Amino acid sequence: MNGRAGRVLYGAVFLLLLPLLLAWWARSAESNVALPHLHHPGAGWGLVAVGAGLLLSAWHALWRFGGGLPMNAFPPRHHVARGVYRWLADPIYIGAVLISAGVSIAVGSSAGLWLISPTLAAGCAALVLGYERLDLRRRFGVLPPVLVALPPPEDAPPRWHDHLSVWLLVLAPWLLVYTAIIACGRVPGAWNAYLPFERPWPVIEWTEALYASAYPVVLLMTFLLPTRRAVRRFAVAGIVLTIIIGGMQLVVPLAAPPRPFEPTTALGRLLAMDRAYDELGRPGGATFPAFHAGWALLCGLACFTRGRIVGAVGATWAALNCAGCITTGMHALIDVLAAVPIALLSWHAGRAWHGLLRGSERLANSFRAWRLGPLRILSHAAWSFTAGFVGAVLLGLLLGRAAVVPVTVTAIGGIVGAGLWLQCVLRGSGLSRPFGYHGFAIGAGSTILLIAALGGPGWPLFAALAVSAPLIQAIGRLRCLVQGCCHGSETGAAAHGIIVVAPQSRVCWLAGLRGRSIYPTQVYSMLANVASMPILLRLWMEGAPCSVVGGVALVLAGVTRFAEESYRCEPKAPRFGGLHIFHWAAMLSVITGAVLTTLHAPPAAAISASGWSVLPWAIAVGGLFAFAMSVDFPDADRRCARLAPVEVADPSSDPP
């Protein structure tokens, strides 16, 4: 639909229908969200005012300087880099998220604050990364930088807006993540993190000066760094640190309740105030690993960019600050020790990413095959087996021995659905036996519905599979690297991609991208799944309704896959409205997940102590996955007989 009618309909959907649906979602899911509600009308409506100001400023800039409206289907004719767009790349989405969070705080909605607003933020990020940014580059070429963004990796001195960017894009999100984690409190069933010899240690009040010094040092650290490259490295390290420690604090069952003391000095009273913030949740949560020590260590490492002397001073301060984490009674020794390798990994995130790409590239070029009579065993059978085996073990731990039959039936249904999905979607693509995630979800979901209709454990099975699926997918993506499926499209920068030359990889014989740098979309998927799993596992451990566990899983999967799909090479996928079918499937996943979170279902059960007795069955499930996804019949002409061409050495082999 084009013209004025299309614009009116588009505007009505996003200005009227979407807000009404979000409000319905928040109200319907309220009883299913057990996190604390923040009810502060003044602060809430203040956030709404700020968000509305950003929205109106952005709309005005697009109309005045871009000659159009904020509509992806009817975009402005000119790129806008003036007004609020000089500062922010996406002020409309930031404003929308602020309005959502502000309304939630103003009316005291837990679902609005902890479920709807984060989902809206993640959805906006996926839309930007998976569609808008790519579309803008296609239409306007290289985009001019905005002021609030990570600085480029150049050796010029930092600018004033580089410091502001770190505060807004790194430290503010960290504060939000930390607040959310302490609101969740300690992990259910957590062990005391203090070693026996630590428990009688006294609280030394004056060391609060060391402990509290981290706050101004971290806040002002970028002013000490010599170049924009160093500021960028510090910012990236902070983001990685937040993701790793935040995920661990959600699920690792260790807690260190602050050691008690009676303040007798001004620093002691400051320490008591410091502890008061952590009382939002159950005492002892958000301690392992120690965020405080991690940030102090990052600052110490960053000081070495100023030279050895400054680096030595910074390292000494970081060590004393880590000691202060213990002497103030805020953390256990193990909390601090665990932060050390995480800080080192975060500081060397660029090197770690490069190593991950090169390792993925070697794996993508490791295709081998062995004949066993009419069968051919492909080298990625090890990864197919591991994905099925590990997933079955985790499901056994979550559900116990009673899960053996329903999980096996669900696995078979998922495998059949995965195969049928791409046979229908990519007909005539040259693929003989493809497997698709969305097909697996449809097949497994349909099987679970059938099991529930027959009186089986439908909801627990659904929730447990939702918790296990990210780990299964993350391991399964290693199989995808070897097979060459789910691969990325060509990227112009070789340093950001991988190069595949293995002749039987689908990258070479099907996509024709042999020897070219392509996006490592399988790696993107692995990282997204690993990041999603702590959230889902924590929901299970908290005994959230099974509908919420499964619904959040579908929302997370849909959001991350929408962003990922735009970097994949799927030339045969049908397209509708400028998006291919996998984009629409991802959006349907988000909608389905949102609806599920409003349903009432039994709570997730505790982890089963008898789950390890299912190991023999898990081996059988792993064998099932390996046979379906990594064993074929190369001499047969039947459909679905082959997974790869017959000739290994010939890169021009015809598809089966």
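Of the helices (runs of 4 or more DSSP H) entirely within the range 471-588, those holding at least 3 residues that are within 18 Å of residue 122 (Cβ to Cβ) and touching a Pro at 6+ places or on another chain (Cβ under 6 Å) occupy 521-541.
May I ask you to verify whether residue 528 is modelled with pLDDT of 90 or more, among the aliphatic types (A, V, I, L, M) and within 30 Å of residue 595 (Cα to Cα)? Criteria met by residue 528. Determine whether residue 187 is under 18 Å from residue 292 (Cβ atoms) and in contact (Cβ under 8 Å) with a residue 24 or more places away in the chain. It is false that residue 187 is under 18 Å from residue 292 (Cβ atoms) and in contact (Cβ under 8 Å) with a residue 24 or more places away in the chain.
Counting the residues of the range 566-591 that are under 22 Å from residue 513 (Cβ atoms) and touching a strand residue (DSSP E or B) at 6+ places or on another chain (Cβ under 7 Å) gives 6. Go through the range 90-109 and give me each residue that's part of a loop (DSSP other than H, G, I, E, B) and either on the phi > 0 side of the Ramachandran plot or crowded, with 20+ Cβ neighbours inside 10 Å (or both). Across the range 90-109, the qualifying residues are 108, 109. Comparison of 156, 180 shows that the only residue that is in contact (Cβ under 8 Å) with a residue 24 or more places away in the chain, among the aliphatic types (A, V, I, L, M) and closer than 29 Å to residue 287 by Cβ is 180. If the condition is being under 29 Å from residue 33 (Cβ atoms), in contact (Cβ under 8 Å) with a residue 60 or more places away in the chain and in contact with a Phe, Trp or Tyr (Cβ under 7 Å, 6 or more places away or on another chain), then the range 105-152 contributes 106, 116, 126, 130. When the range 471-494 is examined, which residues are found to be in contact with a Leu (Cβ under 9 Å, 6 or more places away or on another chain), aliphatic (A, V, I, L, M) and without any contact (Cβ under 8 Å) to a residue 60 or more places away in the chain? Answer for the range 471-494, where residues must be in contact with a Leu (Cβ under 9 Å, 6 or more places away or on another chain), aliphatic (A, V, I, L, M) and without any contact (Cβ under 8 Å) to a residue 60 or more places away in the chain: just 474.
Each residue in the range 377-411 was checked for being under 20 Å from residue 449 (Cβ atoms), surrounded by fewer than 19 Cβ atoms within 10 Å (Cβ to Cβ) and either within 26 Å of the chain's Cα centre (by Cα) or not assigned by TED's automatic domain parsing to the domain that holds residue 484 (or both), and 0 of them qualify. If the condition is being at pLDDT below 85 and surrounded by fewer than 18 Cβ atoms within 10 Å (Cβ to Cβ), then the range 491-525 contributes 492, 493, 494, 495, 496. Within the range 438-457, if we keep just the residues that are surrounded by 15 or more Cβ atoms within 10 Å (Cβ to Cβ) and over 30 Å from residue 486 (Cα atoms), the residue that is nearest to the chain's Cα centre (by Cα) turns out to be 457. In the range 3-19, the residues that are among the basic types (Lys, Arg) reach residues that are at pLDDT below 80 with C-beta atoms within less than 9 angstrom, at least six apart or across chains, in these pairs: 7/69; 7/71; 7/73; 7/74. If you go through the range 10-31 and keep only what is over 19 Å from residue 592 (Cα atoms) and exposed (fewer than 13 other Cβ atoms within 10 Å of the Cβ), you end up with 12, 15, 16. Could we say that residue 68 is in a helix (DSSP H, G or I) and outside the structural domain of residue 593 (by TED's automatic domain parsing) here? Here the answer is no, as residue 68 does not meet what is asked.
For the residues 73, 52, the requirement of being in the same structural domain as residue 130 (by TED's automatic domain parsing), aliphatic (A, V, I, L, M), surrounded by fewer than 18 Cβ atoms within 10 Å (Cβ to Cβ) and not in a helix (DSSP H, G or I) singles out 73. Pairs are defined by a Cβ separation below 6 Å, a sequence spacing of at least 6 or placement on different chains, a first member in the range 584-605 that is over 17 Å from residue 561 (Cβ atoms) and at pLDDT 95 or above, and a second member that is surrounded by 16 or more Cβ atoms within 10 Å (Cβ to Cβ) and of a type in the set (Val, Ile, Thr); the pairs so defined are 597/548.
Test residue 166 against the criterion of being of a type in the set (A, V, I, L, M, F, W, C), within 30 Å of residue 537 (Cβ to Cβ) and in the same structural domain as residue 248 (by TED's automatic domain parsing), and give yes or no. So residue 166 fails the test. Of all residue pairs spaced 6 or more apart or on separate chains, those with beta-carbon atoms under 9 Å, a first member in the range 196-212 that is over 21 Å from residue 295 (Cβ atoms) and in contact (Cβ under 8 Å) with a residue 12 or more places away in the chain and a second member that is hydroxyl-bearing (Ser, Thr, Tyr) and surrounded by fewer than 18 Cβ atoms within 10 Å (Cβ to Cβ) are 205/264; 205/265; 206/265. Of the helices (runs of 4 or more DSSP H) lying entirely inside the range 264-380, the ones with 2 or more residues being in contact with a Leu (Cβ under 9 Å, 6 or more places away or on another chain) and in contact (Cβ under 8 Å) with a residue 12 or more places away in the chain are found at 291-303, 308-327, 333-347, 349-364. When the residues of the range 606-656 are narrowed to those that are in contact with a helix residue (DSSP H, G or I) (Cβ under 6 Å, 6 or more places away or on another chain) and farther than 30 Å from residue 461 by Cβ, which ends up modelled with the highest pLDDT? Per the criteria, the residue is 645. Condition first: under 30 Å from the mean Cα position of the chain (by Cα), of a type in the set (Gly, Ala, Ser) and modelled with pLDDT of 90 or more. Can you find one or more residues in the range 70-87 that meet it? Taking every residue of the range 70-87 in turn, none turns out to be under 30 Å from the mean Cα position of the chain (by Cα), of a type in the set (Gly, Ala, Ser) and modelled with pLDDT of 90 or more. Do the conditions hold for residue 112, that is, is it surrounded by 20 or more Cβ atoms within 10 Å (Cβ to Cβ), at pLDDT below 90 and either out of contact with any helix residue (DSSP H, G or I) (no Cβ under 8 Å at 6 or more places or on another chain) or assigned to a helix (DSSP H, G or I) (or both)? In short, no.
The values are calculated or read from the model by the stated rules, or taken from the named source; none is laboratory data. Not measured: the values here are computed from a predicted model. All Cβ positions, glycine included, derive from the backbone under ideal geometry; neighbour counts span all protein chains shown.
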